[in-house]
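As structure tokens, the structure follows; a few thoughts come after it.
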Amino acid sequence: MNYKVVMPALGETMDEGTIVAWHKRPGDWVDKGDVLMEVMTDKATFEVEAKDSGYLRTILAGVDNVVPVGEVIAWLADTMDEPVDEEEVQSASSHASFRPSEESSQAVLASESRGNLADARALSAIRVSPRARRLLNQHGLSLEEVAQQFSGDILEASDVEAFLRAREERATESGHNVGQQTIKVEGLRKIIADRMTQAAQIPQVTLYADTSVETLMGRHRLLKVRYAEITLSDWIVKAVATILVKRPDVNARYEGTHIESYQSANVGLAVDTPHGLMVPVIHHAETLTLAEIARERRRLIELAQARRLGSGELSMGTFTVSNLGNYGIDRFDPIVNVPEVAILGVGRLKSVVVLKPHGFLVEQQLPLSLTFDHRALDGGPAATFLNEVCRLLAEPPEDWV
Amino acid sequence: MATTSVTELGRVLSWYQQMWDIRVFEETVSDLLGQNLIRGASHLSAGQEAVAVGVMAALAPQDLITSTHRGHGHCYARGMVPSQQAAKDRQDHLNRMLAEVCGKETGYCRGRGGSMHIADVDGGNLGATGIVGGNLPIAVGAALASQLLGKGQVVVSFFGDGAVNEGVFHESLNLASIWRLPVVFVCENNLYAMSVPWSYASSVPNAADRAASYQMPGLIVDGMDVEAVYEAAKQAIDRARRGEGPSLIEAKTYRWYGHSRSDPRAYRSREEERQWKERDPIITLRTKLLDRGATVKDVDQCEQRAREALERATRFALYESPDPAPEDLLADLYAPSHNDGGLSESEARVKAQDPSCRQIAYWQAINEALAEEMTQDPTVILMGEDIGVYGGAYGATRGLLDRFGPDRVRDTPISEAAIAGAAVGAAMNGLRPVMEIMYVDFTPLAMDQLANQGAKNRYMFGGKTKVPMVVRTEGGAGRGIAAQHSQSLEALWTHFPGLYVVMPSTPFDAKGLLKAAIRDDNPVMFIEHKLLYGVKGPVPEGDYVIPLGVADVKREGTDVTVITYSRMVQKSLEAAERLQADDGISVEVVDLRTLKPLDRKAIRQSVEKTGRCVVVSEGYTTSGFAAEIMATVIEEAFFALDRPVVRVAAKDVPVPMAEPLERAAIPQVSDIVAAIRGVMT
């Protein structure tokens, strides 16, 4: 019996995914639940588990192939010798919607003369010599990436060496100075680059406001005795979520032909990780206490650091908070996390001298910047939203604690 | 029949003691076997004590024996012969014997041999063998060494009635007779070869009758009468010591126990057993001793002393002796290598590379190696078929008879087993024989002697002996002499632990390796190639040796490794030339030279370099040595491989006579070229 492996939908906005790695080779036995491959979506890279058990018979989409959701990318079968559904295989492998990602398109151009390339055929057709395998391991290379530039049937050490030489040459060509390092734009970096480019094309405006957090910080210090994990970010998320549920015009996503408003605040947090920027979402933040928000935030950050965020944790954000205060940044203009409508930037806490009815006082203030998509929202409503957030942070309700 | 003109009472009383010691020893072993405290097979000699004790009583201290699978009595009694040094301590002797039977480190063979291979080489016992008749030619060889080296030893070879029907019996008696060797053949005829009665198995009534064929005395003696045995043995031993040649003694005897512990003795009647037991050699001798004035106390304390000694021996063997350590498993399998001078290979190679170096043929290189070794070591002798006047079937020994005389260059009858066994025995007793088997196709005729005795004796006997001998033979196809004169049977010989196998491909290698083989203290199978004898190459004059176990890169290359040996080196080099010229493929040719010990490092280094490997051998494909090389490549260099290892070997077919068929049967240059191209594309 044969089982299709299709490109899964790993998020509501996902139309296609890029195969980043295969964890199994053709001929391997795969148990249901084994990690079969890694797929990169517009949000993150996911480890995809097998839904059936069987021998991995044919891989139709190699590494770096971009595959529409629902397309067959591999076949599992109960045995190694039973025929897999040839028609399906053929129609799938000839499917025009499979396209190599940008880098491998270049590889195709560079080596077109070599004929049938690995990405256009099953990797199972390639046999790897032990010597080549040792070399792959020594250089931390995957068969898939080398196979992209290989047209033969047996991958030998000399082929791996040729790959390494070519890679080095490319690096040398692109680097003009000694010490210059070339990093391929791929994986998460590619996602970030694409998303930022997309975001930069929309009309957006940033509003600034500083809010006093004297009261808040006093409470915060008391609260920290009991809940050590709570940070200023959690107060901000709580405040934003509280306002958002009253402001469906801001708690929304701009979907081109329509704007979708949400009743629940799913607040995304911009998190810096060794792999790049990620935005895990605290769902229904308005229903959580500060301590609950803190716990969820910590959990998400740990997952993000380990690159183990699931699609649920990355999807359905309605608003984003980006806090660079900890990095010593006074103030900045965040870019909207499309298709969300607005994003709040948080700068460094500062002490300012203010004139009060009784005279000058030193007060702790938090600089906030709200960037909004002017297609979905106008300046006035945006300003009132920011103002409401500021007020809530200046006088947080006692029952938050 | 011999008469009893005896000998003072005390001496006979000591024989009586020895017979009791043997009897109780066998009873003890039987008892321990029954309790499963001894594993394996033990063949008990109770009933036959008078033969062992009577014969040994006639030995001089320097004399030697060879024994059989039923050898406890021989071992014990040989140990009781007064030696030139201090007499062996009886208790210690019994301890070490029983410890061996129990497989203990303190045993005579450190537990490697056990009952069937008990030996005490230093004590004049060249060992027991588990092969019926296996030790007959070894005794002949030991006697040859005694004769040539003037050692004055007589060698007594014990065997049973079963051995008399082995071919090697006839070969051995004949060889001993024509060479007038100081050897006494003692047949312990206990009437059954395991279960088959002598009366059924033999065409003549007595084993001694067979002596007539070999023109030696054939004495029949009552094996239940120790004095009669002594008298007969003394006659034969004295005759041998006088240089009058061998004798055959047949001692009619009977074993009390079955062949082994699993023998229900269904082939003989209880009545027959009872009749023989009435003639128990111990009871018979007891009566005689009492008649001659020994006291009952003197006589009876012999049994008592035997029982006490065996109790102590049992305690020693079972409870005071360590088991051999598994980490010592391989210890003493091979005698250590040593270098006895001469130029090193690299020094000789420098000379050979000088354009002025003389060119001589392969046969001459071998001839020269033999002559040089015979000159510098008087213990080196040659023996084989047609090696004397004829100069060897392929001329390798021509001229040596004239130079070294018939004592040291010995033509032999066509008796491959006896030649080989004699070489083993001679090697164990001080010579360095270089024996020749005309064709490697004939080596199976000597297989027991080489594989079961020569290869294993050192190990089975706990490292207490060495077998420094060389078997020169030649193999290979190409002369149209068909299936029984064209084989490459090296795989047979690499299979047995204890043997080295050398197969040189050039005159230079042949000389240096043969000299190393002769100097080595292990048995070496030295296989030449019939089509190489005429091949010339540079060989420096004088003494140089090439160490065993070191391969030689005959041609350096970078693309593919060819691992080969013997004549296939030449063919592989031709293939390499052709591929370089036609395809630009750079082939490295590794000549193993020695198949055992195998130079695994050279294999690894070359395959690590090239990543491709073709193995070429003239031996049959199935279970051939090429398969061993392939396995070694996988073990040593799997991760260096870019392609599967490929072999080019002889087809699994008897080598045919007709030329087109012969060429098709064995690897040709074109086959090697095709195989190399196969792994390059």
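Here are a few things to note about the model shown:
- Flag: B:G557 does not match the condition of being open to solvent by less than 10 Å² (accessible area, probe 1.4 Å), in contact with a Lys or Arg (Cβ under 9 Å, 6 or more places away or on another chain) and either of a type in the set (D, E, K, R) or within 14 Å of chain A (Cβ to nearest Cβ) (or both).
- Count - residues of the range A:223-262 that are within 27 Å of A:V353 (Cα to Cα), touching a residue at least 24 places away in the same chain (Cβ under 8 Å) and open to solvent by 40 Å² or more (accessible area, probe 1.4 Å): 1
- Helices (runs of 4 or more DSSP H) completely within the range B:21-118 that count 3 or more residues being open to solvent by 10 Å² or more (accessible area, probe 1.4 Å) and in contact (Cβ under 8 Å) with a residue 60 or more places away in the chain: B:90-101
- Failed criterion for B:V669 (all others in (1) away from chain A (no Cβ under 14 Å); (2) in contact with a strand residue (DSSP E or B) (Cβ under 8 Å, 6 or more places away or on another chain); (3) surrounded by 15 or more Cβ atoms within 10 Å (Cβ to Cβ) hold): (2)
- Looking across the range B:362-392, the residues that are surrounded by fewer than 19 Cβ atoms within 10 Å (Cβ to Cβ) and aliphatic (A, V, I, L, M) come down to B:A371, B:V389.
- Just one of the numbered conditions (1) touching a helix residue (DSSP H, G or I) at 6+ places or on another chain (Cβ under 7 Å); (2) modelled with pLDDT of 95 or more is not true of B:R261: (2).
- Among residues of the range B:371-383 that are within 13 Å of B:A426 (Cα to Cα), those with a Cβ under 6 angstrom from a residue that is assigned to a loop (DSSP other than H, G, I, E, B) and open to solvent by less than 10 Å² (accessible area, probe 1.4 Å), sequence gap 6+ or separate chain, pair up as B:T379/B:L431; B:I381/B:L431.
- The selection criterion, being assigned to a strand (DSSP E or B), closer than 30 Å to B:R663 by Cα, within 13 Å of the chain's Cα centre (by Cα) and touching a residue at least 40 places away in the same chain (Cβ under 8 Å), does not hold for B:V501.
- Checking each residue in the range B:164-181 for being free of Cβ contacts under 8 Å to residues at least 60 places away in the same chain and either assigned to a helix (DSSP H, G or I) or open to solvent by less than 10 Å² (accessible area, probe 1.4 Å) (or both) picks out B:V164, B:N165, B:F169, B:H170.
For (1) more than 18 Å from B:G395 (Cβ to Cβ); (2) buried (at least 24 other Cβ atoms within 10 Å of the Cβ); (3) out of contact with any Ser or Thr (no Cβ under 7 Å at 6 or more places or on another chain), each residue gets a yes or a no:
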| position | (1), (2), (3) |
| --- | --- |
| B:L489 | yes, no, no |
| B:L499 | yes, no, yes |
| B:A510 | no, yes, yes |
| B:R519 | yes, no, yes |
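- Residue under evaluation B:E227, criteria (1) in contact (Cβ under 8 Å) with a residue 24 or more places away in the chain; (2) open to solvent by 40 Å² or more (accessible area, probe 1.4 Å); (3) of a type outside the set (G, A, S), criterion not met: (2)
- Pick from the range A:271-319, criterion without any contact (Cβ under 8 Å) to a residue 40 or more places away in the chain and aliphatic (A, V, I, L, M), ranking: surrounded by the fewest Cβ atoms within 10 Å (Cβ to Cβ): A:A306
- Count of residues meeting criterion [within 11 Å of another protein chain (Cβ to nearest Cβ) and over 22 Å from A:I59 (Cα atoms)] in the range A:138-160: 3
- Exactly one residue out of B:K297, B:K288, B:K351 is loosely packed, with under 12 Cβ neighbours inside 10 Å, of a type in the set (K, R) and either closer than 30 Å to B:A510 by Cβ or outside the structural domain of B:I387 (by TED's automatic domain parsing) (or both): that is B:K297.
- Meets criteria (touching a residue at least 40 places away in the same chain (Cβ under 8 Å), open to solvent by less than 30 Å² (accessible area, probe 1.4 Å), within 14 Å of another protein chain (Cβ to nearest Cβ) and hydrophobic (A, V, I, L, M, F, W, C)) for B:V679: yes
- A:P381 meets each of the listed conditions (1) of a type outside the set (K, R); (2) more than 26 Å from the chain's Cα centre (by Cα); (3) outside any helix (DSSP H, G or I) apart from (3).
- Residue check, B:A576 under 36 Å from the mean Cα position of the chain (by Cα) and among the small types (G, A, S): no
The values are calculated or read from the model by the stated rules, or taken from the named source; none is laboratory data. Note that this is a predicted model, so its numbers are computed, not measured. Please note: Cβ atoms are built from the backbone with ideal geometry, for glycine as well, and neighbour counts cover all protein chains shown. Areas reflect the complete protein model, heavy atoms only, side chains present, ligands, DNA and RNA absent. Shrake-Rupley method; radii C 1.70, N 1.55, O 1.52, S 1.80 Å.
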